[in-house]
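Okay, so here's the structure we're looking at.
No value in this document is a laboratory result; all are computed from the given coordinates. What you see is a predicted model; the values in this text were computed from it and never measured. Note: ideal-geometry Cβ built from the backbone for every residue, glycine included; neighbour counts use all protein chains shown.
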Amino acid sequence: MHRMATVPALLLLCLCLSASPETFSVRQHFYQVGPNPCAIVAHDLNGDELPDIVTADRGAMSDPREERPANDEVSVLMAKANLEFERFHPSLKTDFAPYAIAIANVDALKWPDIIVGSFLATKHNDIMVFLNRQQDGLFQPAEFHFPDENLMYFRQNDGDGNGVFSKPGITALAVQDITHDSLRDLVATGWSSDVIIFMPGDATAYFGPPKFISAPGGPRDLQLADFDRDNQADLAVAMYCTGEASLWKGDGTGAFAEAARFPTRGHLPCKIRVCDMDRNGTLDLVVAHAQAEDSIVVFFGDGSFSFSVSQEILLGENRQILEQEIRDLAVDDFNGDGRPDIAAACFASCKVVVLLNDGGEPLRFRKEIYSFEQGKPRALCAEDFDHNGSPDLAVALWEANAVGLLINDTKPSPPKAAGSTEAPASKTRTKPEPKDASRNGRRDKP
């Protein structure tokens with residue numbers, strides 16, 4: 001397995017100049033969904049060229065042995081016009097604690113379908129597919145069970161030695177044609193059981209039997225991308241418990257072999273994104289941490305599975321105190337200058353922080369802050385909801401049990417000229433730290 005090549009250097013941080021919010025405006029009207037939405041996606045579900053919104057409404061989690069250990073529904077907001085939504089009734093019923101959503105056409109019919117992974121799947125419906133039957137005005141459920149008799153459990157136990165969570169504990173999923181057979185395959189993270197799960201597409205059953213790949217470290221989030229340019233989908237995985245990023249080489253058959261693993265320069269890496277942040281033609285990684293560092297780290301790709309240079313962005317004032325609690329990331333070009341920007345859902349501070357990428361080496365960012373007093377941002381996604389050509393942000397809000405919108409109503413700005421007065425950021429080559437020998441690593445925090 002290839003480890004990240006490094007050269008010892010001082011740890012330097014990215015400094016951002018805070019700017020008055022100007023790229024987005026907070027839409028005052030909220031759209032009600034179920035309790036504690038923890039994931040959100042936007043997609044045109046009925047072909048009217050208006051993006052609809054889907055949220056996974058996790059609710060509050062409790063002992064998995066209870067009759068209802070969490071909420072069990074997905075909300076669908078169907079767009080009726082620009083910025084006008086109507087909630088689909090009834091809500092889609094899932095297993096408990098729906099945690100991850102993907103939109104893909106898995107049945108080869110006209111409409112895209114909704115795929116949901118549940119974290120506390122005590123009814124054993126780990127994955128549910130809601131087949132989009134627009135002509136009948138319904139979403140038809142199909143259920144998929146992971147046989148967990150042979151799955152291990154590596155997370156917290158209660159005083160009686162019983163697991164606090166269920167196996168395998170789905171926290172992220174992605175759906176695309178990985179095996180080049182024109183069928184949509186599924187890959188997911190099983191956080192409680194330290195596994196990556198692959199399900200091949202099936203022409204009649206939608207997904208075939210699962211294959212479990214051992215992935216120690218608490219796999220929490222994943223992204224599919226072709227890192228070595230062999231036209232096969234590879235994986236980038238955030239290892240939440242050991243504080244690492246893991247890269248997995250795919251062979252096009254659904255098999256993945258770990259190719260690299262390195263520290264993410266923070267605790268509890270909860271989200272990972274893949275994008276060419278410096279526009280040099282090589283894929284980079286963007287990793288967010290949900291612990292006191294309040295940090296986002298960009299790992300710059302050297303090609304293939306090597307990321308020797310990284311740049312840390314601190315959103316808080318004191319890295320010893322949890323101020324922001326980053327829970328989700330969206331990466332898109334928000335101001336139309338051709339550079340990928342970053343948006344972070346900050347749960348503890350009730351804010352969405354937008355980092356506008358001004359380029360340079362190291363990258364320079366301008367920070368904009370948007371507050372949500374009525375709820376806590378838990379998840380977000382980018383989509384052009386008002387059809388003005390610029391991506392907006394949909395924000396899933398806890399406590400408010402609603403979706404808020406940040407509307408991108410500014411004209412794209414040109415790239416910053418050389419000699420900008422923003423405080424510079426610095427790239428640094430970082431020496432890997434010894435791997436935590438514990439399977440659980442730092443404290444578990446679903």
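Gain in length, His124 to Asp158, computed as 0.36 nm per residue apart minus the alpha-carbon separation, to one decimal in nm?
On the way: separation 34, 0.36 × 34 = 12.24 nm, distance 2.12 nm.
Separation in residues times 0.36 nm, less the Cα-Cα distance, equals 10.1 nm.
Step through the table entries Lys123/Lys167; Lys80/Lys110; Lys123/Lys211; Lys123/Lys249; Lys110/Lys249; Lys211/Lys249, compare each Cα-Cα distance with 23 Å, and write down the pairs that go over it. Provide the component values of the computation, followed by the final result.
Working: Lys123/Lys167 11 Å; Lys80/Lys110 20 Å; Lys123/Lys211 20 Å; Lys123/Lys249 33 Å; Lys110/Lys249 32 Å; Lys211/Lys249 16 Å.
Beyond 23 Å between Cα atoms: Lys123/Lys249; Lys110/Lys249.
Counting Lys +1, Arg +1, Asp -1, Glu -1, what net charge surrounds Asn318 among other residues with beta carbon under 12 Å of its beta carbon? Write out the running numbers ahead of the final one.
Numbers: positive: Arg319; negative: Glu293, Asp294, Glu317, Glu323.
Summing Lys and Arg as +1 and Asp and Glu as -1 gives -3.
I want to verify a result. In a Gaussian network model of the chain, Cα cutoff 10 Å, which of these has the top mean-square fluctuation: Thr242, Thr410, Thr55?
Thr410
Which of the three applies to the stretch 329-390, rounded, prolate or oblate, going by the alpha-carbon gyration tensor with a ≥ b ≥ c and a/c under 1.5 meaning rounded? Please report the intermediate quantities before stating the final value.
Working: a/c = 2.49, a/b = 1.34, b/c = 1.86.
Since a/c reaches 1.5 but b/c is at least a/b, the shape of the stretch 329-390 is classed as oblate.
Enumerate by residue number the trypsin sites (Lys or Arg not before Pro) in the stretch 233-311 meeting two conditions: DSSP loop (anything except H, G, I, E, B), and at most 15 other Cβ atoms within 10 Å of the site's Cβ. Please list the in-between numbers first.
On the way: sites: Lys249, Arg261, Arg265, Lys271, Arg273, Arg279; in loops: Arg265, Arg279.
Here the sparse-neighbourhood loop sites are Arg279.
Where q = 0.10, 0.13, 0.20, 0.22 Å⁻¹, what log10 of I(q)/I(0) comes from the Debye formula for the stretch 205-312, counting one point per Cα?
Debye intensities relative to I(0), on a log10 scale: -0.28, -0.46, -1.01, -1.18.
Kindly provide the trypsin sites (Lys or Arg not before Pro) of the stretch 27-68 that DSSP labels as loop, not H, G, I, E or B, and whose Cβ sees at most 14 other Cβ atoms within 10 Å. Show your work: numbers first, answer last.
Details: sites: Arg27, Arg58, Arg65; in loops: Arg27, Arg58, Arg65.
Filter output for the stretch 27-68: Arg65.
Run the numbers on the chain and let me know its relative contact order in percent, using alpha-carbon pairs under 8 Å that are six or more apart.
Numbers: 1327 pairs, mean separation 75.7, N = 446.
With pairs under 8 Å counted, the relative contact order is 17 percent.
Check the straight Cα-Cα distances from Lys93 and name the aspartates and glutamates below 17 Å, setting aside those fewer than 8 residues away within the same chain.
Asp57, Glu67, Asp72, Glu73, Asp113, Asp126, Glu143
Step through the residues of the stretch 148-160 one at a time and calculate ³J(HN,Hα) from phi using the Karplus curve (6.51 cos²θ - 1.76 cosθ + 1.60, θ = phi - 60°), rounding each to whole Hz and writing x for Gly and Pro.
Values per residue, Gly and Pro as x: 9, 4, 9, 7, 7, 10, 10, 9, 5, 10, 8, x, 8 Hz.
Within the chain, what's the longest run with no GluC sites (Glu not before Pro) in a DSSP loop and at most 12 other beta-carbon atoms within 10 Å? Give the range, please. Don't skip to the answer; put the middle values down first.
On the way: sites that count: Glu49, Glu66, Glu67, Glu149, Glu317, Glu373.
Longest gap between qualifying sites, sites excluded: 150-316.
Could you check which residue among His289, His145, His267 shows the biggest mean-square fluctuation in a GNM of the chain with a 10 Å Cα cutoff?
For the chain, modelled as a Gaussian network with Cα springs under 10 Å, the answer is His145.
From the phi of every residue in the stretch 57-67, what ³J(HN,Hα) in whole Hz does the Karplus formula 6.51 cos²θ - 1.76 cosθ + 1.60 yield, where θ is phi - 60° and glycine or proline is x?
Coupling constants for the stretch 57-67: 9, 5, x, 8, 8, 9, 4, x, 7, 6, 5 Hz.
Can you compute 3J(HN,Hα) from phi for each residue in the stretch 376-382, using the Karplus curve 6.51 cos²θ - 1.76 cosθ + 1.60 with θ = phi - 60°, rounded to whole Hz and x for Gly and Pro?
3J(HN,Hα) across the stretch 376-382, in whole Hz: 10, x, 10, 8, 8, 8, 9.
At what distance in nm do the modelled label points of Arg133 and Arg229 sit from each other, each positioned 7 Å from its Cα along Cα→Cβ?
4.7 nm
Which of Asp221, Asp136, Asp63 moves most in a GNM of the chain, Cα contacts under 10 Å?
Largest GNM mean-square fluctuation: Asp136.
Can you give me the relative contact order of the stretch 175-282 as a percent, contacts being Cα pairs under 8 Å and 6 or more apart? It would help to have the intermediate numbers written out before the result.
On the way: 250 pairs, mean separation 20.7, N = 108.
About 19 percent, as a whole number.
Tell me which trypsin sites (Lys or Arg not before Pro) from the stretch 167-238 have a DSSP coil assignment and no more than 14 other beta carbons within 10 Å of their own. Please list the in-between numbers first.
Values: sites: Arg184, Lys211, Arg220, Arg229; in loops: Arg184, Arg229.
Sparse-neighbourhood loop trypsin sites (Lys or Arg not before Pro): Arg229.
Output needed: percent of Cα pairs per 10 Å distance bin for the chain, bins running from 0 to the one holding the longest distance.
4, 22, 33, 28, 12, 1, 0
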